[in-house]
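To keep things clear, I will list the structure first and then write my remarks on it.
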Amino acid sequence: MIELRGVTVRYGETVAVDAIDLELPPGKIYGLLGRNGSGKTSLLSALASYRKPSAGAVFVDGEPAFENPRVVRQTSFIRDTLDLNDSDRVRTALDIASWLRPTWDADYAAKLVDVFQLDTRKRVSSLSRGQRSMLGVVLGLASRAALTILDESYLGMDAVARTLFYRELLADYLAHPRTIVLSTHLIDEVADLFERVIIMDRGRILLHDETDSLRGRGVTVTGQAERVTAFAAGHTVLGEQSLGGVRALTLDGRLDPGDILLGEREGLTFGPLGLQDLFVHLTSQQPLEASR
Amino acid sequence: MFHDRSPIYVQIADGIKNDILGGSLEEDEQVMSTNQYAAFYRINPATAAKGFAQLVDEGVLYKKRGIGMFVSPDARGKLRAARRERFFAEVVEPMLDEAERVGISTDEITHYLGSRR
């Protein structure tokens, strides 16, 4: 079990992560979602023990994680910088990973290099943005670390490369279950792989739930204005739009099937929201139109 | 394959029920393992497991320890009975509502159904 207790990350006056408590049971794939600047990377740095929290602490199986060699060996954190020497060749970067990581699978790394058609003779500095991300994915997955954290590891990858990335991630997780935390802005593409979703907003956890229970959680109700308004009473309104006598309201929370049936009898129509629309509505700081 | 506007485990359970009703899954036939299912449909295995667990709860599938999951011997009959019960409420009633909206009388519908026999 990984536990964050009161984890706060401050940069001078700026609070990037604000007293977060979070429990992550092991062996699951987590999706970390949040807008730009919501604190995802700072949270992940603390989770990976790359950064000592300004306050609070991370515990792995009850032990403080920071500067704990046992935890460090079993954590792989792939971030933008890749933490590599840019003048090294890809081959060297992979060799170093194999020396540092007891759980490194060299055969699997070679397979991934092949899948992504990476040229191991190239210097890290000469890789394209997408190839750099592919190298990050190879380093992250082949380390087979008990806690693998991939922070926007798809940047610059084309649609084919991303598809290969998701496929390999799932296949390797099925063969070697472990805790994987993946941050992304491409919710629609990858959400099917997440067992749980964590949404961050302005340094705090807005939501942490099973992915499946978020599908269809929001609903847009459309119809004659007064009827829609009456139906929405008691529900949280996430978005609204009116045109003439027609009103559309996006509501949070799963609706009672009986209420939907009654609404339909009155001529209202109901359109459940996908994950991405729900995310947009929950994290937008400005009023939004109803989703359709 | 799956859409994200309702829980995927529900869609999985519905899909397997349709396969049983349609005959592409036979009674006492083994179904895919959750890992096979997850790999095939590119979804999280816990989501797939939840779909299968629901079918076991409903008696549509049964488990053989250490071997896998199988279609219950009486699954098709039970599913048919349940669907038949919902048929008029879920299929016929919406059709009659639409008929009323566009001004098709019950006589016209009966006539049409008679001509299809």
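Where a number appears in this text, it was derived from the coordinates with a stated rule and is not lab data. What you are looking at is a predicted structure, and each value in this text was computed from that prediction instead of being measured. Using ideal geometry, Cβ is built from the backbone for each residue, glycine included, and neighbour counts are taken over all protein chains shown.
Of all residues in the stretch A:108-159, those satisfying the criterion of being among the hydroxyl-bearing types (Ser, Thr, Tyr) and closer than 19 Å to A:Val181 by Cα are A:Ser133, A:Ser143, A:Thr148, A:Ser153, A:Tyr154.
Scanning the stretch A:146-164 for residues that are away from every other protein chain (no Cβ under 12 Å) and free of Cβ contacts under 8 Å to residues at least 40 places away in the same chain yields A:Tyr154, A:Gly156, A:Met157, A:Asp158, A:Ala159, A:Val160, A:Arg162.
Elements of the type helices (runs of 4 or more DSSP H) sitting completely within the stretch B:1-92 and holding at least 2 residues that are within 14 Å of chain A (Cβ to nearest Cβ) and closer than 26 Å to A:Arg217 by Cβ: these cover B:8-22, B:34-41, B:45-57. Just one residue in the set A:Ala191, A:Ala171 is within 11 Å of another protein chain (Cβ to nearest Cβ), within 16 Å of the chain's Cα centre (by Cα) and assigned to a helix (DSSP H, G or I); that residue is A:Ala191. From the list A:Phe59, A:Phe77, the lone residue that is in a strand (DSSP E or B) and under 28 Å from A:Asp192 (Cβ atoms) is A:Phe77. No other residue among A:Pro25, A:Pro102, A:Pro69 is within 14 Å of another protein chain (Cβ to nearest Cβ) and either surrounded by fewer than 16 Cβ atoms within 10 Å (Cβ to Cβ) or among the hydroxyl-bearing types (Ser, Thr, Tyr) (or both) apart from A:Pro25. Scanning the stretch A:246-292 for residues that are within 21 Å of the chain's Cα centre (by Cα) and β-branched (Val, Ile, Thr), which turns out farthest from the other protein chains (Cβ to nearest Cβ)? Here the residue is A:Thr283.
From the residues in the stretch A:260-278 that are in a helix (DSSP H, G or I) and out of contact with any helix residue (DSSP H, G or I) (no Cβ under 6 Å at 6 or more places or on another chain), which one is surrounded by the most Cβ atoms within 10 Å (Cβ to Cβ)?
Ranking the qualifying residues of the stretch A:260-278, first place goes to A:Leu278.
If you go through the stretch B:49-72 and keep only what is out of contact with any helix residue (DSSP H, G or I) (no Cβ under 9 Å at 6 or more places or on another chain) and surrounded by 13 or more Cβ atoms within 10 Å (Cβ to Cβ), you end up with B:Val56, B:Gly68, B:Phe70.
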